[in-house]
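This report concerns only the one structure given below.
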Amino acid sequence: MSVFCTNCQCEVGYCVVEEKSKKIIKGYEVEYKKKSAHCERCEHPVFVEQLHEENEQEAKRGYQELVSSEAIRIITAIMEQYNIGKRPLSLILDWGELTITRYLKGMAPKKEYLDTLKLIHRDVAAFAEILEKNQDKITKKAYEKCQKRMNEWAKSSDEQIEPFVVGGPEKLELDEEQVPFEEHYFPTVTAGEEELKEHEVSDDKIYQVVHYILDVSEDVTPNALQKILYYAQAFFKVFYGYHLFEDDCEAWAQGPVYPKVYDRLKESYQHPVIQTVCPLDDQEQFFIDLIMRYFGCYSGKSLERMTHCEKPWREARHGLVSVQVEGRVMEKSSIEQYFTDVYKKYNMLSMTDIIDYSTSLFSRIL
Ligand SMILES: [Zn+2]
């Protein structure tokens with residue numbers, strides 16, 4: 001590998017050094033390991049695009065960790081402060097019931113969520129208002145437990161005792177414009193059993209996902225839509241431990257297809273009539289966004305060829321001739337096994353690492 005050295009004015013070899021560096025991201029001072037390259041001949045710094053990208057990723061990771069650890073500290077303090085569990089806390093905030101659980105597992109919250117947490121942490125009255133408003137979302141017992149603690153706070157504020165507040169508001173100011181879309185999540189690889197039973201998936205969940213995809217993307221084709229559903233379902237199971245929706249896909253000639261969706265959209269693709277009974281929570285929406293970003297950038301035809309490279313589809317098509325359009329059911333277990341292997345092989349520390357797989361898969365069909 002050689003790069004251009006502006007000092008030597010020619011292509012040169014380079015060596016890489018790694019050092020600790022700091023960068024301000026959205027108001028946070030983020031420490032990360034920065035790699036820089038130097039000309040082998042004169043030691044002048046040279047620019048290597050790949051290293052630049054790696055550094056950006058590394059800094060981003062540092063930022064996520066920082067925001068996440070800040071959120072964990074605040075949430076822990078809130079739970080202590082108001083004597084409330086993570087699930088009731090999620091519910092009275094009107095969030096997905098597992099939202100707090102996921103933040104505690106290391107996901108970085110969106111800015112507005114973090115702002116809300118900061119607010120209820122430092123402002124007892126704001127919390128009291130939310131609690132009253134949404135009290136019927138939690139059990140009577142949880143409410144009373146929390147209410148009792150609130151009364152104690154009311155008493156202690158009469159005595160001029162301020163609640164202990166983690167961090168200052170200034171420390172957590174994020175620049176709204178710089179939060180493009182929440183690419184900042186770390187995985188919760190497997191949900192606990194407690195979480196699994198909380199997630200009952202209704203029959204129409206898949207339509208909800210379709211509805212969401214069509215809502216946020218203007219130009220996704222029916223073929224691409226099927227592949228996005230497939231990858232969303234496959235990776236979601238690996239990262240969250242439960243299925244986004246219940247349906248099985250079939251190995252059709254054009255790749256994995258959910259026949260129910262195919263039939264439904266065949267006639268009126270532009271204005272599919274989809275009942276939205278089971279809303280997606282913010283994690284699910286975020287995850288689908290991610291999949292659309294990493295896979296939705298390819299054409300339906302490319303995605304089709306990408307799925308043809310993968311074991312689950314190939315296995316399910318075994319013995320079928322290519323002219324035969326419809327195919328067998330692709331077993332969930334086979335898909336899960338394959339994508340768990342992918343997860344390990346690509347060393348996916350974060351959901352954003354899914355991009356490594358999609359780009360590598362795409363390069364195989366070129
Ligand atoms: Zn040089």
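Laid out as a table, the results:
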item: Rough spin-label spacing in nm, given labels placed 7 Å along Cα→Cβ, for Lys33 and Glu132; result: 5.3
item: Inter-label distance for Met79 and Cys297, nm, one decimal - labels placed 7 Å from Cα along Cα-to-Cβ; result: 3.6
item: Lys105/Asp282 FRET efficiency (R0 22 Å; Cβ-Cβ; nearest 0.05); result: 0.90
item: Among the listed pairs Lys86/Lys155; Lys35/Lys60; Lys205/Lys237, those beyond 18 Å (Cα-Cα); result: Lys86/Lys155
item: Distance between region 310-366 and region 65-81 - C-alpha centres, whole angstrom; result: 37
item: For region 201-365, radius of gyration divided by Kirkwood radius, i.e. Rg to Rh on alpha-carbons; result: 0.93
item: Over 27 Å (Cα to Cα) - which of Lys23/Lys118; Lys111/Lys148; Lys110/Lys266 fall in this group; result: Lys111/Lys148; Lys110/Lys266
item: Calculated FRET efficiency for the pair Tyr242/Asp215, C-beta based, R₀ 25 Å, to 0.05; result: 0.60
item: Fewest-first ranking of Tyr103, Tyr63, using other Cβ atoms within 10 Å as the exposure measure; result: Tyr63, Tyr103
item: For region 1-122, the fraction of alpha-carbon pairs in successive 10 Å shells from zero, as %; result: 13, 31, 20, 15, 12, 8, 1
item: Distance (nanometres) between label positions extended 7 Å along Cα→Cβ at Cys10 and Asp94; result: 6.9
item: Hydrodynamic radius by Kirkwood, which averages 1/r over all alpha carbon pairs of region 115-157, in angstrom; result: 10.8
item: Tail beyond 16 Å, pair distance distribution of region 3-52 (Cα, percent); result: 46
item: C-alpha center-to-center spacing [region 278-306, region 2-64] in angstrom; result: 32
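None of the figures in this text is laboratory data; all of them are computed from the coordinates on show. Here the structure is a predicted model, which means the values were calculated and not measured. Glycine also receives a Cβ, built like all others from the backbone with ideal geometry; neighbour counts cover every protein chain displayed.
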